[in-house]
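Working notes, structure below.
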Ligand SMILES: Cc1cc2nc3c(=O)[nH]c(=O)nc-3n(C[C@H](O)[C@H](O)[C@H](O)COP(=O)(O)OP(=O)(O)OC[C@H]3O[C@@H](n4cnc5c(N)ncnc54)[C@H](O)[C@@H]3O)c2cc1C
């Protein structure tokens, strides 16, 4: 029996990042991915350029468009425009391209990938992890990284992450032409979607449109929203490839590791509960998980608890404020738009949040006080 250092379940953004950093540090690592090839992924693909800090190779080959302007609207009118300052702080990627790019770098660094390999069993036996698929293929390792996204059953099984999951209801539409969306511009629309917002992010020769509802069980009628949004962007109301999905979002501070298992990305419920930003925490958690596992495998420390602590300070503390903002903003979205987005200082603040320069904690108390005070009147 060959014992690997680490098995990673899921070759998405989080899993591929962990695989790259483990392989680069000389660890034996296998990525297990259920899909036989990269499929179209329901994701807007917007991410702060600040994610580059977690990679020694250039991410630009995976970037379709660099954003320097954000258009906001309420019911497709009442526009607000934010110019993003500085050098290209916000990027748009095709997710399938980004994931494949990082996975390729991981393989070049020495990682192995098995696909299609749909993990159906994960258990610890005599100190080692056994990970298997339905065909009975089985691998053994000292540690496991759970990176299989929003439907992952493993955090619950191993008692990590939130005991109650909170989900955003999402719809994604991929269109392979640009419509009327201007170059280098991302669009956020707040009035059409109940308890959430819609977005349009440009791709090279295409566009990602999405809808997200963040509180309650009410799912906005996507057909009604798309019938208004698509023509406003120069498309037929029925155009595009559509996918509905549930996205696990951040729901409290919890342990994200056991003694030899770590959850990353959506499986660890890290996605931003206000703006659905899940790529930055996926890449950050993949990077931090690898760093923690590397020193544990080297015998430099006795457990993986520093991973949970680091994710709390570098991400969770800001998300705790993001969740509070989300709960107030999406209950009173019209007030939120007037007082949050239309303030003269808002475009600058939004740019800083989107580019990762500022966390929600930096703006939260002022925003929440303003929203609650106005909603009470
Ligand atoms: C509509 C929509 C729009 C979004 N837009 C944005 C955006 O613009 N910006 C942003 O930052 N975030 C966005 N997000 C969130 C972002 O897509 C996620 O947070 C991100 O995909 C998390 O990456 P991940 O690697 O954790 O999970 P995933 O990308 O879901 O990867 C998980 C991988 O695991 C594999 N897998 C699953 N089960 C198994 C199994 N049993 N065995 C083996 N492999 C398995 C899957 O095939 C997949 O490849 C959006 C999400 C949605 C739904």
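The values are calculated or read from the model by the stated rules, or taken from the named source; none is laboratory data. Everything numeric in this text was worked out from a predicted model, so none of it was measured. Neighbour counts are summed over all protein chains in view; Cβ atoms, including those assigned to glycine, are modelled from backbone coordinates with ideal geometry.
Which of the residues spanning region 207-253 are outside any loop (DSSP other than H, G, I, E, B), more than 20 Å from the chain's Cα centre (by Cα) and either more than 14 Å from the ligand (Cβ to nearest atom) or surrounded by 15 or more Cβ atoms within 10 Å (Cβ to Cβ) (or both)?
Of everything in region 207-253, those that are outside any loop (DSSP other than H, G, I, E, B), more than 20 Å from the chain's Cα centre (by Cα) and either more than 14 Å from the ligand (Cβ to nearest atom) or surrounded by 15 or more Cβ atoms within 10 Å (Cβ to Cβ) (or both) turn out to be 222, 223, 224, 225, 226, 227, 228, 229, 230, 231, 232.
Please go through region 22-39 and pick out each residue that is within 12 Å of the ligand (Cβ to nearest atom) and either in contact (Cβ under 8 Å) with a residue 60 or more places away in the chain or buried (at least 21 other Cβ atoms within 10 Å of the Cβ) (or both).
Passing the criteria: 30, 31, 32, 33, 34, 35, 36, 37, 38.
Determine which member of the set 175, 139, 181, 203 is within 28 Å of residue 290 (Cβ to Cβ) and touching a residue at least 40 places away in the same chain (Cβ under 8 Å).
139
Does residue 42 meet the test of being more than 11 Å from the ligand (Cβ to nearest atom) and at pLDDT below 95?
Here the answer is no, as residue 42 does not meet what is asked.
Residue by residue, here is whether (1) closer than 30 Å to residue 356 by Cα; (2) modelled with pLDDT of 95 or more; (3) in contact with a strand residue (DSSP E or B) (Cβ under 7 Å, 6 or more places away or on another chain) holds:
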position: 62; (1), (2), (3): yes, yes, yes
position: 71; (1), (2), (3): yes, no, yes
position: 79; (1), (2), (3): yes, no, yes
position: 97; (1), (2), (3): yes, yes, no
position: 114; (1), (2), (3): no, yes, yes
position: 120; (1), (2), (3): no, yes, yes
position: 133; (1), (2), (3): no, yes, yes
position: 139; (1), (2), (3): no, yes, yes
position: 145; (1), (2), (3): yes, yes, yes
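Here are 251, 294, 257, 208: which of them is touching a residue at least 40 places away in the same chain (Cβ under 8 Å) and within 30 Å of residue 68 (Cβ to Cβ)?
208
Please specify each residue of region 126-140 satisfying the condition of being closer than 16 Å to residue 154 by Cα and more than 13 Å from the ligand (Cβ to nearest atom).
Those that are closer than 16 Å to residue 154 by Cα and more than 13 Å from the ligand (Cβ to nearest atom): 129, 130.
Please indicate, with yes or no, whether at least one residue in region 133-148 is part of a strand (DSSP E or B), within 20 Å of the chain's Cα centre (by Cα) and crowded, with 19+ Cβ neighbours inside 10 Å.
Scanning region 133-148 turns up at least one residue that is part of a strand (DSSP E or B), within 20 Å of the chain's Cα centre (by Cα) and crowded, with 19+ Cβ neighbours inside 10 Å.
Among the residues that make up region 47-54, is at least one of them within 16 Å of the ligand (Cβ to nearest atom), part of a strand (DSSP E or B), under 22 Å from the mean Cα position of the chain (by Cα) and under 29 Å from residue 241 (Cβ atoms)?
Yes, there is a match, as at least one residue in region 47-54 is within 16 Å of the ligand (Cβ to nearest atom), part of a strand (DSSP E or B), under 22 Å from the mean Cα position of the chain (by Cα) and under 29 Å from residue 241 (Cβ atoms).
Are any residues in region 269-286 part of a loop (DSSP other than H, G, I, E, B) and either more than 17 Å from residue 92 (Cβ to Cβ) or within 7 Å of the ligand (Cβ to nearest atom) (or both), and if so, which ones?
Matches in region 269-286: 269, 270, 273, 274, 276, 277, 278.
For region 97-110, check the following and say yes or no: at least one residue is loosely packed, with under 15 Cβ neighbours inside 10 Å, within 10 Å of the ligand (Cβ to nearest atom) and farther than 16 Å from residue 145 by Cβ.
no
Mind listing whichever residues of region 173-200 are closer than 20 Å to residue 243 by Cα, more than 12 Å from the ligand (Cβ to nearest atom) and surrounded by fewer than 22 Cβ atoms within 10 Å (Cβ to Cβ)?
The answer is 176, 177, 178, 179, 192, 194, 195.
Look through region 9-21, keep the residues that are assigned to a helix (DSSP H, G or I) and closer than 14 Å to residue 100 by Cβ, and return whichever of them is nearest to the ligand (Cβ to nearest atom).
This residue is 13.
Go through (1) within 10 Å of the ligand (Cβ to nearest atom); (2) more than 16 Å from residue 210 (Cα to Cα); (3) touching a helix residue (DSSP H, G or I) at 6+ places or on another chain (Cβ under 9 Å) one by one and return the number of the condition residue 160 breaks.
(1)
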